[in-house]
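Throughout, read-outs are computed from the coordinates displayed, never taken from laboratory work. Quick caveat, the model's predicted, so the values are computed rather than measured. With ideal geometry, Cβ positions are generated from the backbone for all residues, glycine too; neighbour counts draw on all protein chains shown.
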Amino acid sequence: MGKSSKDKRDLYYRKAKEEGWRARSAFKLLQLDSQFHLLQGLNRVVDLCAAPGSWSQVLSQRVQNEDAKIVAVDLQPMSPIDGVVTLQADITHPKTLSRILDIFGGEPADFVCSDGAPDVTGLHDLDEYIQAQLILSALELATALLRPGGSFVAKIFRGRDIDLMYSQLGLLFEKVTCAKPRSSRGTSLEAFIVCQGYTPRPGWKPQLGKPLQVGDTIESQGQDLEERMVAPFIACGDLSAYDSDATYSNKKAKTSLDPVQSPTAPPYKKAVDMRRKGLLRK
């Protein structure tokens, strides 16, 4: 499908280009913030799985504190963003935690978010499992970074056993909500888990490099590890917002718009370099 037809089909895709966002996912964080007021009064923020950087762009504009520090982490390289420290690192590696804490001067974070997702295979059970593992990796780092009372937001795929994840997160946060921004396509299983009021378990010290282990503390308090829960489901964005599944005509758009930020490490980069050197025919 060509550029122009996609521009017309997905209004958020085009609006992201028009407003200077690197990806349409920026609207998802903006709508989550309008519902939950997540970005108020923050001093230290971490954006995990941040590339290409649309959520970091939102954070850099919405976090108004002049002394605030924002760290974006991803395995892929990211083009710089004003007011954001970018780290090309693995969120599961213990050194990543120490690098972030060094930037924060040893102080804990107020807010950790992750819009990361695996390359989907179309096998829903497999995709949901891999996404759940990615969330747990992000949560493992978040629990080692967050201050008590802090917030954590991550992308989820709503599947058959999602209530078990709600229960696990409910052991660490006062309030857990499943949110669906209006800019997220209704036909997609994608949603966002919004966890507010981080409450570390008494006597438990989170560590990277080993699975989350809060079971001993929970069992000692006589709680049922198999208890399930249903998180409240909230649609973010009022009815006047654009519908991501609807088609809108755009009479003003006679030409397609180029990406706000070109890919920093595309899979075809090697071929482009070879062509420049005359090693590859057109």
>> Please report the net charge: other residues with Cβ closer than 15 Å to the Cβ of Leu146, K and R +1, D and E -1.
In response: +1
>> Using each residue's phi in the range 27-33, evaluate 6.51 cos²θ - 1.76 cosθ + 1.60 at θ = phi - 60° and report the 3J(HN,Hα) Karplus result to the nearest Hz, with x for Gly and Pro.
In response: 5, 5, 5, 4, 6, 5, 5
> Given a Förster radius of 25 Å and the C-beta distance between Thr199 and Glu66 as r, what FRET efficiency does 1/(1 + (r/R0)^6) yield to the nearest 0.05?
Replying inline: 0.25
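Could you work out the mean projected area of the convex hull around the alpha carbons of the range 126-189, in square nanometres to one decimal?
4.8 nm²
What is the local net charge at Ala265, summed over the other residues whose Cβ is closer than 14 Å to its Cβ (Lys, Arg +1; Asp, Glu -1)?
In short, 0.
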> Using modelled amide H (1.01 Å from N, peptide plane; none on Pro or chain starts), what sits under 5 Å from the amide H of Gly116, excluding residues fewer than 5 places away?
Replying inline: Lys155
>> Would the range 17-82 count as rounded, prolate or oblate if I go by the C-alpha gyration tensor, calling it rounded below 1.5 in a/c and otherwise prolate when a/b exceeds b/c, oblate otherwise?
In response: oblate
>> Sorting check: for 194-206, 52-64, which peptide has the highest mean count of neighbouring beta carbons within 10 Å, and how do the rest follow?
In response: 52-64, 194-206
> What length, rounded to one decimal in nm, is gained on full extension from Ser188 through to Gln40, with 0.36 nm per residue of separation minus their alpha-carbon distance?
Replying inline: 50.4 nm
> In the structure displayed, which of Lys95/Lys155; Lys28/Lys180; Lys155/Lys175; Lys28/Lys155 lie more than 20 Å apart, Cα to Cα?
Replying inline: Lys95/Lys155
> Along the charge dipole of the range 82-160, which of Leu141, Pro118, Leu87 sits closest to the positive end, that is, farthest toward it, with unit charges on the beta carbon of Lys, Arg, Asp and Glu (+1, +1, -1, -1)?
Replying inline: Leu141
>> Can you give me the orientation-averaged projected area of the convex hull built on the Cα atoms of the range 14-53, in nm²?
In response: 3.4 nm²
>> At R0 = 35 Å, how high is the FRET efficiency between Lys270 and Asp163 if r is their beta carbon distance? Nearest 0.05 is fine.
In response: 0.20
